[in-house]
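Remarks on the structure that follows.
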Amino acid sequence: MERTLVKPEKVGNVVLTDRDKRWIRAAHRFGVITTDQAMVIGRASSRKAVNDRLSLLWAHDYLARPVEVMRKLYSHADKRHVLHMLGQEGARYLRDYEGVELAKKKGYTSVAQDLKGQNIPHDIGMVDFILALDRAVEDRSDIRVTHQLELLALNKRPLDQKPGRLPTKALRKGSLVDRATDPDYTFELHKRTPEGDERHGLCFLEYDNDSEDFVKSNLVDSSIRQKHEGYTYAYKRKLHTQLYGRNNFRVLFVVNASRDRVKKMQRVYQDYLSERIAPGVFLYATVHDVQAHGVFGEIWTNGAGERVVL
């Protein structure tokens, strides 16, 4: 592990390849990626070649590594991920050559330098799903996707530390108080119909790593119910229409656990929300199902337990 934490010496110059640029864009898009994910993004087969190139990009500050975070998380772990973030030169490249607007508070050093306190295993799982989505879209000539940063820019949403934040409220002691809802990721699917029209589907992703309580007595505290309540508030007050210009949205719960946890989430919907919002707003699938059958497979069930597809 230690050899991946020692920054190499900067030697010579780097001419960015198309694959390098994909990695830089991904580090900006997701905040952090693993070497496994870099191989998928780069469509690479040689891990040694990828490791060597990622090290070179780190040496020249196109990418960065959160050394202390990696040491803390993976010093004694069975699976020791190497994490890659956007570096200063990578940020400069995106600004100068691709016209990317970076989060103002981060300047040009990085849009994701401070990972302390973040749930890295959760974030890795979320990125795995988005990469699976990208692969599924590539296989379909009738579907395209607008990803989070582009979607926010198109709708003139701020590129802050909580991209896609929904300004929702929660009930506390009989009064509504501010309790924002932060999707793990926001994207939109576009499907071309046989008539040549396009249907749009706004999606909010919730990646569940089997750690969240289902219900808490205080609705302001984070829980599976609190997430459902937040999106229900957004739906009833048409925040999605105000912010994205769409009439509907779906929340995709991707669960890194068994179907039993999915059933318990559906029970939360049925016990607390079924009379206030349609079951089709909430869709659930397991990570195993996504891996086995793909994002567009018959893997999703709605709040009522009915089988649906995206």
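The values are calculated or read from the model by the stated rules, or taken from the named source; none is laboratory data. The structure displayed is predicted, hence computed values, not measured ones. All Cβ positions, even for glycine, are placed from backbone atoms using ideal geometry, and neighbour counts span all protein chains on display. Ligands, DNA and RNA are stripped out before the accessible areas are found, and what is left, the full protein with its side chains, is counted by its heavy atoms. Shrake-Rupley method; radii C 1.70, N 1.55, O 1.52, S 1.80 Å.
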Rounded to a whole number, the Stokes-Einstein D of the chain in µm²/s (Kirkwood radius over Cα pairs; 37 °C; 0.692 mPa s) is 158
accessible surface per residue for the chain, probe 1.4 Å, DNA/RNA/ligands not counted, whole Å² -> 52
Counting only the heavy atoms of the protein chains, how much of residue 265 is accessible to a 1.4 Å probe, in Å² to the nearest 10?
-> 0
Pick out, in residue order, every one of the trypsin sites (Lys or Arg not before Pro) in the range 8-103 that is DSSP loop and has at most 16 other C-beta atoms within 10 Å; say none if there are none.
-> 10, 43, 79, 80
Spin-label point model (7 Å from Cα, Cβ direction): what's the residue 45 to residue 257 distance in nm?
-> 4.0
Report, in whole Å, the centroid distance computed from the Cα atoms of the range 232-271 and the range 127-189.
-> 12
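Sort 11, 220, 32 from largest to smallest accessible area, using a 1.4 Å probe on the heavy atoms of the protein chains.
These residues rank, largest area first, as 11, 220, 32.
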Around residue 308, which amide H atoms from residues at least 5 apart in sequence, or from another chain, sit under 5 Å from its own amide H, with H modelled in the peptide plane?
-> 300, 301, 302
According to the square roots a ≥ b ≥ c of the eigenvalues of the Cα gyration tensor, what is the shape class of the range 120-277, taking rounded for a/c under 1.5, prolate for a/b larger than b/c otherwise, and oblate for the remainder?
-> prolate
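Between residue 199 and residue 271, what length in nm is gained on full extension when 0.36 nm per residue of separation is reduced by their alpha carbon distance?
22.7 nm
Helix-only estimate, please: 222 nm mean residue ellipticity of the chain, summing -39500 (n - 2.57) across DSSP H runs of length 4 or more and dividing by its residues, to the nearest 500.
Values: 11 runs with 118 residues, N = 310.
It lands at -11500 deg cm²/dmol.
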Within the accessible area of the chain (1.4 Å probe), percent carbon and sulfur | 46
Give the relative contact order (percent, whole number) for the chain; include only Cα pairs under 8 Å separated by 6+ residues.
-> 12
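Let me have the relative contact order for the range 159-310, percent, based on Cα pairs under 8 Å that are six or more residues apart. Walk me through the intermediate numbers first.
Values: 263 pairs, mean separation 26.7, N = 152.
This gives 18 percent for the range 159-310.
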Show 40, 6 ordered by accessible area, largest first, where the area counts protein heavy atoms only and the probe is 1.4 Å.
-> 6, 40
Loop trypsin sites (Lys or Arg not before Pro), the range 182-266, which have at most 12 other Cβ atoms in a 10 Å radius of their Cβ (DSSP) | 238
